[in-house]
1. How big is the dipole moment of the range 509-581 about its Cα centre under a simple scheme where the beta carbon of each Lys and Arg is +1, that of each Asp and Glu is -1, and everything else is neutral? Debye, nearest 20, please.
2. Spin-label point model (7 Å from Cα, Cβ direction): what's the Glu400 to Ser489 distance in nm?
3. Toward the positive end of the charge dipole of the chain, about the Cα centre and with charges on Cβ (Lys, Arg +1; Asp, Glu -1), which of Ala111, Thr490, Gly245 goes farthest?
4. Using a Cα-Cα cut-off of under 14 Å, which aspartates and glutamates could be cross-linked to Lys426, ignoring same-chain neighbours fewer than 8 residues away?
5. Would you mind putting 277-285, 557-565 in packing order, based on average other-beta-carbon counts within 10 Å, highest first?
6. Calculate the dipole size of the chain relative to its Cα centre from +1 charges on Lys and Arg beta carbons and -1 charges on Asp and Glu beta carbons; express the result in debye to the nearest 20.
7. Cα atoms only: what Rg and Dmax, in Å, come out for the range 491-596?
8. Taking H placed 1.01 Å from N in the peptide plane, check which residues at least 5 places from Asn190 or on another chain put their amide H under 5 Å from its amide H.
Amino acid sequence: MRVSLIVLALLSMGTPAMSQTVPNAAPWDQAFLPPAPEWDGASRALLRGASDPWVTAFEADPEHDFSPDYADTRAWFDRLDAASDLIRIEQFGVSPEGRPIYAVIASKDGAAFDPSKPVLLAQAGIHPGEIDGKDAGMMLLRDIAFYGKDALLDRVNLILIPILSVDGHERASAYSRPNQRGPRIQGWRNTATNQNLNRDYLKLDQAEMRAVRGLILKYRPDLYVDIHVTDGMDYQYDVTFGFNGENGVWSRSPAIAEWLNDAFKPDIYAALERQGHIPGELVFGIDDANPRAGLSDGGLGERFSNGWGSAAHVPTILIENHSLKPHEQRVLGTYVFLEEAMRLLAAKGRDLRAAITADRALRPAEVPTNFEPDPTPAYTRQFKGITYETYDSPASGRREIRWLGQADPEIWSLPFYGSRPTLTLKRPQAYWVPAHRADVIERLRAHGIQMEVLTAPRTVSVEMLRLENPKVSGAANEGHVPIRVTEVSTERRDWTYPPGSARVPTDQPLGDVAILMLEPQSAESLFAWGLFPEVLSRVEYIEGYAIAPLAERMMAADPALKAAFEAKLAADPAFAADGDARLAWFYERTPFYDDRYRLYPVGRETQ
């Protein structure tokens, strides 16, 4: 067999399977990544030595570039749980491959939380290669249990999900994330069912996301921190984070956004800076080939944690540590972030709860959605860049960016582009979901959306939507084939809903979530994700030998219909030349035509 030189080179460097079983095996040295700026932050004092009985695997590694696997992580937490009355482990789900999904809870309250104390829920490993939060959380929980930081629990409770995507975490190798500097062994972005959990906040397809939603409903966190590691352009910031509504832009939760912007963000920035880190706002470049072209908000969709949090009125912070910074630097920055967040909730949690209450009371008559990038910059953002140059690449045949690893002394002024809605939905009083769509009812229930489930048939007057020209996507996305509809027509009908059907009122804190899920024109709706494909199937038909004479009789009996047909012929030559289309035009105007074709089965209750 002939083996290519590149295959021989790959074999000589070790395979992904080898790297899984030998954690210290040297993978590609990643010399293709840009150099990392030198860093020696004060937060290094948080590290404990290898001889410490409670040292973590991350700390014990000489390079601080290792993160333990699922079994070793759980064994370490089990030992912590057994040794400290402040720590307990709670399983809240099971993965598709049968692994328990668990949270580690730090509290002085025992099994039941004191309701007066704010709750911080920190989630790591929704993308398992981005695992900084697990290693930081292990250190912080250890220090709370044994090294003098138990006072953090006097006025706040902490819940850590160390690994959310546990199956993806165990599909680990040295080759999972080529754009990221450490840890040496990294989990896989998607789950065992090849799903990206950070696209599942609204549709709740996956076991992992239903489980975490259940945990949120149980403990009602005052602050939800979703910890990631980003890719993209190089820059000086090591810990970036953000939330919908930052810097005064529009948000579904304006009071929460104001508190996060005015109270939370400045304190976290100051704490990180004191420890030698460079915090910043989330970074999404608009042009990979031109770093100075500008930045965007990255999209506001409710499929993401920050978009969902805004709609559900759960204060949600999205952390994106910078992938080109060393794992050690990112982990320590995350530790500082979480510790300061606990202190801040203790001091200002009452104000945050007031903001949550205010936003949960909102019932907007119109709900903007389907956001797209705004072509007009919202403002100019000061940005701490990294020096770079461009060069002619013989591989790509074009100019490429080469980052030089040095802080640019010039502060860049970059335009920042936000998002604008392209659709506004009117708020009905309620939705009616038929019993045969029990799967949809269950998704709504998993969100915690209030509903009335019928125990007897009920006939109600509802507004039904006829879908005009829906477009089925040519490619699958997250296990679904999306369907887009931009035009609908309405029909008033008396509809009998059988037992098991659900009336979903919008006069509730999660009313906006229900609207975004159930309106078919919403880009985040269950329909848009392809969960109602049956409405696109037409069952009955009519033969040409039947419809042709019937059409002729229809024209003879209805001069207005005949005039409309002739106008259509004159205006549309392609239609005029298509005999099947001409006969279909008449068929659609007969009582034989399927009146439920493209009729969306979820009814609207309106005034």
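The values are calculated or read from the model by the stated rules, or taken from the named source; none is laboratory data. On a predicted model such as this, the values are computed, not experimentally measured, just so you know. Heads up, the Cβs are rebuilt from the backbone with ideal geometry, glycines too, and the neighbour counts pull from every protein chain shown. We work out accessible area using only protein heavy atoms, side chains counted, and drop any ligands, DNA or RNA first. Shrake-Rupley method; radii C 1.70, N 1.55, O 1.52, S 1.80 Å.
1. Result for the range 509-581 is approximately 180 debye, rounded to the nearest 20.
2. Inter-label distance under the simple model: 5.5 nm.
3. Positive-end residue among those listed: Thr490.
4. Glu366, Glu463, Asp507, Asp512, Glu519, Glu605
5. Taking the mean over residues of other Cβ atoms within 10 Å, the ranking is 277-285, 557-565.
6. Computed charge dipole of the chain: roughly 1020 debye.
7. Final numbers for Rg and Dmax: 19.9, 56 Å.
8. none
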